[in-house]
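The structure appears below as structure tokens.
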Amino acid sequence: MNKKINLIIVDDSPLHIIGLQTVLKCDDRIGSVYQACCPDEAMEQLKQHPDIDVATIDVCMKEGEDGLELAEKIRDNYPSVKTMMLSQFKNGRYIYRALLAKSKAYLAKDSLPELVVDAICNVYKGNCLFFGDTIGKEILEN
């Protein structure tokens with residue numbers, strides 16, 4: 001891969017953002033990493049940085065902010081940006097909504113860091129629907 005992947009992390013947890021940024025800085029496939037703590041800030045960042053390729057989005061943020069609705073807004077307003085969900089919830093209903101929003105991956109936050117980076121790279125390439133190894137097959141079948 002010649003072009004580096006530019007992405008935005010959308011999460012209301014500063015610890016999660018810092019942790020993911022730390023992992024991503026160590027990977028030479030990753031370029032710029034932007035951050036947003038809420039959907040409104042994410043939409044503003046997308047407007048300011050047209051080079052963003054991938055958005056990693058937390059499903060549920062504080063004060064009822066909905067990452068799945070954000071994924072739909074990104075799909076409708078920035079169709080070149082590929083979305084993937086990162087969540088503590090391993091819930092079939094959330095996964096189904098993520099698929100409807102055209103997210104290319106849904107990973108649990110207990111996934112290994114290298115799995116998350118690989119998912120970002122696969123999402124960027126347009127590959128697969130990727131669920132990682134901590135979301136049980138039974139959830140996907142329901």
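For Ile52, indicate whether it is modelled with pLDDT of 95 or more, touching a Gly at 6+ places or on another chain (Cβ under 6 Å) and open to solvent by less than 50 Å² (accessible area, probe 1.4 Å). When the stated conditions are applied, Ile52 does not pass them. Scanning the range 114-134 for residues that are at pLDDT 90 or above, touching a helix residue (DSSP H, G or I) at 6+ places or on another chain (Cβ under 7 Å) and not β-branched (Val, Ile, Thr) yields a total of 0. Within the range 82-97, the residues that satisfy the criterion of being crowded, with 19+ Cβ neighbours inside 10 Å and within 19 Å of Cys37 (Cα to Cα) are Lys82, Thr83, Met84, Met85, Leu86, Ser87. Kindly evaluate Lys90 against the criterion of being touching a helix residue (DSSP H, G or I) at 6+ places or on another chain (Cβ under 9 Å), in a loop (DSSP other than H, G, I, E, B), in contact (Cβ under 8 Å) with a residue 24 or more places away in the chain and within 23 Å of Glu44 (Cβ to Cβ). Considered against the rule, which asks whether it is touching a helix residue (DSSP H, G or I) at 6+ places or on another chain (Cβ under 9 Å), in a loop (DSSP other than H, G, I, E, B), in contact (Cβ under 8 Å) with a residue 24 or more places away in the chain and within 23 Å of Glu44 (Cβ to Cβ), Lys90 comes out as no. Residues in the range 77-102 that are modelled with pLDDT under 90 and either among the hydrophobic types (A, V, I, L, M, F, W, C) or closer than 23 Å to Ile5 by Cβ (or both): 8 in all. Residues in the range 7-22 that are in contact with an Asp or Glu (Cβ under 8 Å, 6 or more places away or on another chain) and open to solvent by 20 Å² or more (accessible area, probe 1.4 Å): Asp12, Ser13, His16.
The values are calculated or read from the model by the stated rules, or taken from the named source; none is laboratory data. Source: prediction; values computed, not measured. With ideal geometry, Cβ positions are generated from the backbone for all residues, glycine too; neighbour counts draw on all protein chains shown. SASA here: full protein model, heavy atoms, side chains in, ligands and nucleic acids out. Shrake-Rupley method; radii C 1.70, N 1.55, O 1.52, S 1.80 Å.
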